[in-house]
Amino acid sequence: MNTISSPRTASFPAPVASSEAAARQSATDMLEKGRVQQAIDLLEKRQGPQSEETHQLLGGAYYRQGDFDHAARHFEAALTQDPKNQDLADMLAQTRNNQTSGATLDLVQNPFSKDKLLAAPHPGPGVNGSASRPPARTLLNMAMQAVNHVGGGLAGAVMGILSRVFGAKDQGEVWTTWSKKNMVEGALMLAHMRDQLDHHNLYDQYKAEGQLTGFETRGLQAPQWTKYYRTADGSWNNPENPKEGAAGTRFGRNVPLEVTKPDEANLMNPSPREVSRVLMTRDEGFKEVPFLNMLAAAWIQFMVHDWVSHGDVKYGSGVMEVPLAPDDPMRKKYHESAMMVPKTAADPTRRPEEAGMAPGYINENTSWWDGSQIYGSDVDTQNRLRSHQDGKLRLQDDGRLPLDHGVEDTGFRRNWWLGLDLLHNTFAKEHNSVCDMLKEHHPDWNDEKLFQTSRLIVAAEMAKIHTVEWTPAILPNKTLTMAMNANWYGLANYEASNLKERKILNHWKPDDHMVGGIVGNHTAKFDVPYSLTEEFTAVYRMHSLLPDEIKLHHIGSDKTQEVALGATRNKAVHDITEKNGLTDLIYSFGVEHPGQLVMNNYPKTLQELTIPGFSNYDLAAVDVLRDRERGIPRYNEFRRQIGLVPIKKFEDLTDDPKQVEKLKKVYGNDVEKLDMLIGTLAEAHRPENFGFGETLFQIFIVNASRRLQADRFFTTSYNEETYTKEGLEWIDRSNMKSILLRQYPDLAKTNLSNVNNAFEPWDPDTSDPSRHPLEQYHR
């Protein structure tokens, strides 16, 4: 098996073999049975020179134990004897990458103890008073508030009628048709779809018990300071339900709970590894997205780490064995019979009376859009990351994040690689810039007040960037761009102002989320406590965005250098940033492209991954298996449950006969077996310029809005009293481009200056609509 230091390796004596060939055969049999150390002992005890085959066998055995130094020596020796063996060259390169990166480095502790999860909220030390004084209530303000309330009610009623009349999906169509309509009708269709999802596809994992989130006691009194500031663990956003959205509570669902029971009998049907090999492997090279840059790929992982985590895999409740076919490269190279996948960590708060219900899982992070990937989801982490001077985060003298065990120290740092490093450094620096701005305007503020207010502002900057920049960049459709800007600014504000003049708060803000915008408006939860959902986690499996090689550029130079993706992980990252500098690395990401979210475009690096405890880990196969394990319905049933029409045949997905043939072969020509992830990648019928298909987009519609609608720090508390006047102005002026230029002034020498959206390629000419489709929408 492929677990490092497998527990099955303990008690079998090594048999004596009469020849090297016999020893190799015996060792191969041992490796197939998981007896890795016995195989090593047998081969190492033999006297005399070792053949290329023996060196390769020993290299693979040591690799499986996570002993990459010994593995590299044996692969080098084997390659000396057989220098044209590409498999050996690949194995040696992978081993060296693991050496450099510290692939087995494990800094994680179990966050899921029952006592900890059921304890009272631990929000932090507290802050005295609001961030700022509220603006004076003038007669004009009160009059406009009344007008906005009445006008919003009327506008909402009118928009509701229009969306029901014109927004209903065309009957008889497999694929939604909103993108084929004019902008007004298309927007009404999107509004109707969101309304239906809000009212029919939100399910609380605690609701069956009639409990508050996290089984919290009723009647607790909220600390006064939580009215104005976010807590470390996400608690007290809702004073009536203290743990709503907090770290250590259950994921919600977007499909009914009764259909989320995992189909245990078919977890391996078809084999997730075969799904990966046939339908996800890059068999025709890297397929790029022409209208995005690599910052967009790094950004979504940066955001996901703010929102969701099922905890570290080593705290699962056992393992699942994924059989490897006789011709599987993993089996041929390392002589494994199965890939071991740890089960998702179980929910220790599950009660006996819930035994018949579908399993729920715990979110390690806060579900709020609160920057927890930077600040952490608990008080201890937050305190460790702070300088405790002027509200700032700790940075080294060179302006980079400090190190802990060779890896940058930040709020969430699992799956660490170069792209995450760049964004974490950037927004830690941005936090400190906000602190400087606030201190200039409020010199009497203490460290705590500066820190907490800056955190609010930076979290809002990230939410704004994701809403009005990243999302339109990956889905550069005119109607969708308008809809996302309406989420943030409101349709009235979006239509009445240009890009540089838009502000969230002004006198004219109708009390309706479409017309007046979500931010700064009323809170809406649709009678379901807020949490992010398992389905949300499932649709954000976007690993195909990553290339297998990162091309590094330097400003003012035509020379480039390629670095393997596997060599940009963990401890290797700091050396790369030290040698190249953050500015040149961000420039590199600005001019390079990510991969398309389609079939057969998964990075090979992630299909041959080493993580703590597991030497060979095919993340593509695990992505498929995780959905099955966590009760995500298969593709067709998933579409039924979220209001979409199921496909009738594989040809409905794509017109590519080769792809159809592959799908039929893997799934036995049964569309009901199709996995949700594979179905979304195979969807070729997409709205114009969409980077992904409509099934994923359906879950996106509800959660993209709900992250804002349910959070009072983006709705009723989005005001000067909480954020300060200067803070709101800072958010209005900020975008990804301005933040990059603020933190890395030398980027002004690049073509970043030419683009409005920093997630588009930094080209000297932005007139090509295939590379800059958003340019035509900027006003």
Requested in this report: Examine segment 747-756 for a residue that is in a loop (DSSP other than H, G, I, E, B) and free of Cβ contacts under 8 Å to residues at least 12 places away in the same chain, and state whether such a residue exists.
Outcome: no
Report summary line: Matching residues in segment 725-737 (part of a loop (DSSP other than H, G, I, E, B) and either touching a Leu at 6+ places or on another chain (Cβ under 7 Å) or open to solvent by 10 Å² or more (accessible area, probe 1.4 Å) (or both)) number 1
Requested in this report: Could you run through segment 470-501 and say how many residues are under 22 Å from A710 (Cβ atoms) and touching a Phe, Trp or Tyr at 6+ places or on another chain (Cβ under 7 Å)?
Outcome: 3
Query - Considering residues of segment 579-626 that are among the acidic types (D, E) and touching a residue at least 40 places away in the same chain (Cβ under 8 Å) only, the residue farthest from P547 (Cα to Cα) - result: D623
Query raised in the report: Out of the residues in segment 612-654 that are surrounded by 18 or more Cβ atoms within 10 Å (Cβ to Cβ) and among the small types (G, A, S), which is farthest from R414 (Cα to Cα)?
Result: G631
Query raised in the report: Mind checking which residues of segment 189-227 are closer than 24 Å to R639 by Cα and touching a Leu at 6+ places or on another chain (Cβ under 8 Å)?
Result: L190, Y203, Q205
Report task. Taking G411 as the residue in question, decide whether it is buried (at least 22 other Cβ atoms within 10 Å of the Cβ), in a loop (DSSP other than H, G, I, E, B) and out of contact with any Cys (no Cβ under 9 Å at 6 or more places or on another chain). Result -> yes
Query raised in the report: Which of (1) of a type in the set (K, R); (2) surrounded by fewer than 22 Cβ atoms within 10 Å (Cβ to Cβ); (3) in a helix (DSSP H, G or I) is the odd one out, the single condition R771 does not satisfy?
Result: (3)
Query raised in the report: Going through segment 278-321 one residue at a time, which ones are over 19 Å from the mean Cα position of the chain (by Cα) and of a type in the set (S, T, N, Q)?
Result: T281, S317
Query - Selection within segment 674-694 - open to solvent by less than 10 Å² (accessible area, probe 1.4 Å), in a loop (DSSP other than H, G, I, E, B) and not acidic (D, E) - result: L674, F692, G693
Report summary line: Residues of segment 83-134 being over 28 Å from the mean Cα position of the chain (by Cα), surrounded by 19 or more Cβ atoms within 10 Å (Cβ to Cβ) and either hydroxyl-bearing (S, T, Y) or more than 19 Å from G376 (Cβ to Cβ) (or both), in sequence order, are L88, M91, L92, S130, A131, S132
Query raised in the report: Of the residues that sit in segment 222-241 and are in contact with a helix residue (DSSP H, G or I) (Cβ under 7 Å, 6 or more places away or on another chain) and over 15 Å from A120 (Cα atoms), which one is most open to solvent (accessible area, probe 1.4 Å)?
Result: Y228
Query raised in the report: Looking at N432, N493, which one is surrounded by fewer than 24 Cβ atoms within 10 Å (Cβ to Cβ) and touching a strand residue (DSSP E or B) at 6+ places or on another chain (Cβ under 7 Å)?
Result: N432
**Report entry** Scan of segment 414-446 for residues that are aromatic (F, W, Y) and either part of a helix (DSSP H, G or I) or touching a Leu at 6+ places or on another chain (Cβ under 7 Å) (or both), ordered by number
**Finding:** F427, W445
Requested in this report: Pick out the one residue from M339, M357 that is among the aliphatic types (A, V, I, L, M) and crowded, with 20+ Cβ neighbours inside 10 Å.
Outcome: M339
Query raised in the report: Within segment 257-280, restricting attention to residues that are touching a helix residue (DSSP H, G or I) at 6+ places or on another chain (Cβ under 7 Å) and farther than 29 Å from G360 by Cβ, which residue is least open to solvent (accessible area, probe 1.4 Å)?
Result: L279
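The values are calculated or read from the model by the stated rules, or taken from the named source; none is laboratory data. Keep in mind that this is a model prediction, so the values were computed, not measured. When we count neighbours, we look across all protein chains shown, and the Cβ atoms used for this are built from the backbone with ideal geometry, even at glycine. Please note that ligands, DNA and RNA were not included when accessible areas were found on the heavy atoms of the full protein model with its side chains. Shrake-Rupley method; radii C 1.70, N 1.55, O 1.52, S 1.80 Å.
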